[in-house]
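Taken together, the values in this text are just the output of simple stated rules run on the coordinates, not laboratory data. Predicted model only: the values in this text are computed from it and were never measured. In this analysis, Cβ positions are derived from the backbone assuming ideal geometry, glycine residues included, and neighbour counts consider all displayed protein chains.
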Amino acid sequence: MTGVKGRNDRVLFMRPIVLFTALFLATLASFLFSLSSGSVDVGWQDLLTAITGDSQGLADRVVIELRWPRSAAAFTTGALLALAGALMQVLLRNPLADPYVLGVSGGAATGALLALLFGLGSLWLHGAAFSGALFSMLLVFGLSHGRGSWTTSRLLLTGVVVAAGWGACIGFILALSPEQGLRGMLFWLMGDLGYATVPYTGFSILLVGLFTAIAIARSLNMLTHGELAAASLGVRIKPLRHVIYLLASLLTATAVTLAGTIGFVGLIVPHMLRLAGVRDHRVLLPAAVLLGGCLLIVADTLARTLLAPRQLPVGILTALVGVPLFLALLHHSRTLHGDENQ
């Protein structure tokens, strides 16, 4: 019996190792795919010399100045959305929750569109988007808290109403905008990495958010079994909910500031990992970061190469892929539950 238990423990210990090894390899492959794909052919040898800095030719400039910043921004944005989605699903105890459900993206979009409407530069655009997201976050938090008790249902309803209000503001801004500026606004709303730079600040916020989320991962595991069960095990529910909300909102605000509104990444990535048997948030959260970043790199590469020289907003591609993928995951999940019930 001891030998069997030891073997089972080793198998359980190996599963995260296998998972993270596969995710690291997939992330590396997605970066190589992104850096080598595009209107300018970059072979493996040219790519290697560009990465090592041994060349100063066209391939080097294309890889280092154009593709690397965009790939880094895609990875950071996908990782931020996946991590925020996993936290939101725990906070709201709703598997359909995504990073945008509480209206943070609407506030960011309104701020960014106002910056575009007045012809402000990219620095003002990012600042306005982040300011709008933070304002929306504080608005939802203040209205949902009010003078009474703070509940997840009240938070969700407040977020939905605020998101609807931001939607009206976005429509009003688009109606007032001149025709020559509408294309840029629509691309931003659908998610666009065409003007991305290396996201040093975004990556720093991702690391801080990931380490903070891992620090509360055991409490998240308990919270998934219900607030009463978590409270009986010593979890302070109210401070934990505040931390989750603020952290998920900050991650979402940063992602929207980097690339606009990109759907389905934060929704399907946690589901894919849970369907693969990952339940412990100490494993799920860092795995979601890697998988979300990897998926968005691939999606952005396809968005700029499928119809080259035209480029699609990456949000369109994530939606086209995300809808059937989520339906397939939902069907597979129902099949598994049906087999378990028999």
Quiz item: If we count other beta carbons within 10 Å of each Cβ, what is the order of Tyr200, Tyr195, fewest first?
Solution: Tyr200, Tyr195
Quiz item: How many percent of all Cα-Cα pairs in the stretch 179-284 sit more than 16 Å apart?
Solution: 69
Practice problem: Estimate the FRET efficiency between Thr151 and Leu32 by the formula 1/(1 + (r/R0)^6), using the beta-carbon distance for r and 51 Å for R0, to the nearest 0.05. | Solution: 0.65
Quiz item: Rounded to the nearest 0.05, what FRET efficiency do Ala229 and Leu330 have when you use their Cβ-Cβ distance and R0 = 35 Å?
Solution: 0.85
Quiz prompt | Cα shape, the chain, gyration tensor, a/c 1.5 rule | solution = oblate
Quiz item: With the chain treated as a Gaussian network of Cα nodes joined by springs under 10 Å, which of Ala163, Ala129, Ala84 yields the largest mean-square fluctuation?
Solution: Ala163
Quiz prompt | Residue-span extension gain [Leu25 to Leu143] - 0.36 nm each, minus C-alpha spacing | solution = 38.1 nm
Self-check item: Residues Glu65, Glu179, Glu227 arranged by fewest to most Cβ contacts within 10 Å
Solution: Glu179, Glu65, Glu227
Quiz prompt | Taking Cys169, Cys294 and counting other C-beta atoms within 10 Å, the order from fewest to most | solution = Cys169, Cys294
Quiz item: For the pair Thr201 and Phe172, how long in nm is the line joining their label points, each one 7 Å along Cα→Cβ?
Solution: 2.7
